[in-house]
Amino acid sequence: MYFDTHAHLDDARFDVDREALLERMRAEGIDPCMTVGANMEMNEKAVALAQRYPGTLYAAVGIHPNDAPELTEEALGRLRAWAKLPCVKAWGEIGLDYHYDDVPREVQKEAFLRQLDEAMAADLPVILHIREAHGDALELLRGRRGRLPRGVTHCYSGSWESAQEYMDLGFDISFTGSVTFQNAKRLAEVSDKIPLDRLLIETDCPYMAPVPLRGTRNDPCNVKLVAKFLADRRGMDVEELARITAENGKRLFSIP
C-alpha cells in the first residue's frame, strides 16, 4: 500500500474524472491519501472530500504563504472548527514562499508563526511549504525549538544541511516527482541520505508529475513512480519503501 501524503484532489482538473480516479487509486493500492488545503476555498473542498470518502481521503487545512492575507480572525475561527473534525489530520500547508514575492515577507512570517501556534493548540502536525526561503524558515523554527508541533517539510527542495536541521527540529522530509527531474541531481542525492524512518512520499498533484510523465496532469497513482525512483537509488525493494513511508505517514498524521 502507498500513502500519497500530499495531493490537491479538490483541483478543478479532477472534476472530469474524480470518481474514476478514486476507484483507480483503491485498485492500485494508493490508500490513504491526504488532500491538502491552501486557502479558505480549498480548505472547504478538502474537508468535503475527506468527509465524502472516509478512510480513503483525509484533509489538511491551513493558509498557504501566497494566501497569507486570508488569515483573518474569521478565517481562524473556521480553521479551528475544521481542525476538530475526525477527518482533518494536519494543519497546512503553511510556511514561506519567496519565489514570486507577491505577498510581503513579514506578512508571510506572521501568518506562519500564528498557524504554528494554532496547530500546537489543536494538537495537529503541520505541513510546511518552504520555497526559496529555507534560511528564514529555519530561523523562525529555530527560535521556537521545544514548542513546535510535529510535521513534515513537503516537496522538499533544500540542501542536506537544511534537511538535517528540519529533522533535528522534529520534521520529516517528503519528496515529490520533482526529485526525478533531470535537473534535480543534487536533490536526489539529498533524498538518498534521509533516514528511512523520516521519509515520506507525495505527488503534490495535479502539479509535479514525475519523469516520464513530466508536464502532464499528475495524480496520486503516480506516487508509485516517486517510490520506485527513491527505492532504486537505495537498492531496495519498492514495496518495502512503500510500506515504510506509509507507516511513517500514518504515524505522523495519527491515522490508524
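The values are calculated or read from the model by the stated rules, or taken from the named source; none is laboratory data. Computed from a predicted structure; not experimentally measured. Note that each Cβ is placed from the backbone with ideal geometry, even for glycine, and that neighbours are counted across all protein chains shown. What goes into the accessible areas is simple: the full protein's heavy atoms, side chains included, and nothing from ligands, DNA or RNA. Shrake-Rupley method; radii C 1.70, N 1.55, O 1.52, S 1.80 Å.
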#### Entry: GNM top mover of Val238, Val179, Val223 - the chain, alpha-carbon springs below 10 Å
Val238
### Task
Could you please put His6, His99 in sequence from largest to smallest accessible area, using a 1.4 Å probe?
His99, His6
#### Entry: Backbone HN-Hα couplings from phi across segment 27-43 [Karplus 6.51/-1.76/1.60, Hz, Gly and Pro as x]
4, 9, x, 8, 6, x, 9, 9, 9, 10, x, 9, 9, 5, 5, 5, 4
## Note on the structure
Between Met167 and Lys228, the two model label points (7 Å from Cα along the beta-carbon direction) sit apart by a distance in nm of 2.6
### Query
What is segment 1-128 by shape, rounded, prolate or oblate, if you read a ≥ b ≥ c off the alpha carbon gyration tensor as root eigenvalues and call it rounded for a/c under 1.5, prolate for a/b larger than b/c, and oblate otherwise?
prolate
### Value of [θ]222 nm, deg cm²/dmol, for the chain, DSSP H segments ≥ 4, -39500 (n - 2.57) each, nearest 500
-13000 deg cm²/dmol
### Query
Which whole-number percent gives the relative contact order of the chain, counting Cα pairs below 8 Å spaced six or more residues apart?
19
### Exposed-site-free run, longest, the chain (rule: trypsin sites (Lys or Arg not before Pro); DSSP loop; at most 15 other C-beta within 10 Å)
1-83
### Summary
Scoring segment 135-228 by relative contact order with C-alpha pairs under 8 Å, at least six apart, yields a percentage of 24
### Task
With label points built 7 Å along Cα→Cβ from the Cα atoms of Glu139 and Arg13, find their separation and express it in nm.
3.4
### Query
Suppose R0 equals 35 Å; then what is the FRET efficiency for Gln51 and Phe181 from their Cβ-Cβ distance, rounded to the nearest 0.05?
0.50
### Query
Out of (i) 19; (ii) 7; (iii) 11, which label holds the value of percent of Cα pairs over 35 Å apart that was computed here?
(ii)
### Task
Can you give me the P(r) profile for segment 116-256? Cα pairs, bins 10 angstrom wide beginning at 0, each as a whole percent.
12, 42, 35, 11, 0
### Task
Between Leu85 and Arg214, take the C-beta separation as r, use R0 = 41 Å, and let me know the FRET efficiency to the nearest 0.05.
0.70
### Task
Run the quick spin-label model on Glu239 and Leu76: label points 7 Å from Cα toward the beta carbon, then report their separation in nm to one decimal.
5.0
### Among Leu76, Leu169, Leu85: highest mean-square fluctuation, GNM of the chain, C-alpha pairs under 10 Å
Leu85
### Query
Which entries in Lys185/Lys250; Lys84/Lys109; Lys185/Lys228; Lys89/Lys228 show an alpha-carbon gap greater than 22 Å?
Lys185/Lys250; Lys84/Lys109; Lys89/Lys228
### Query
So what is the relative contact order of segment 1-151, in percent, for Cα pairs below 8 Å that sit 6 or more residues apart?
18
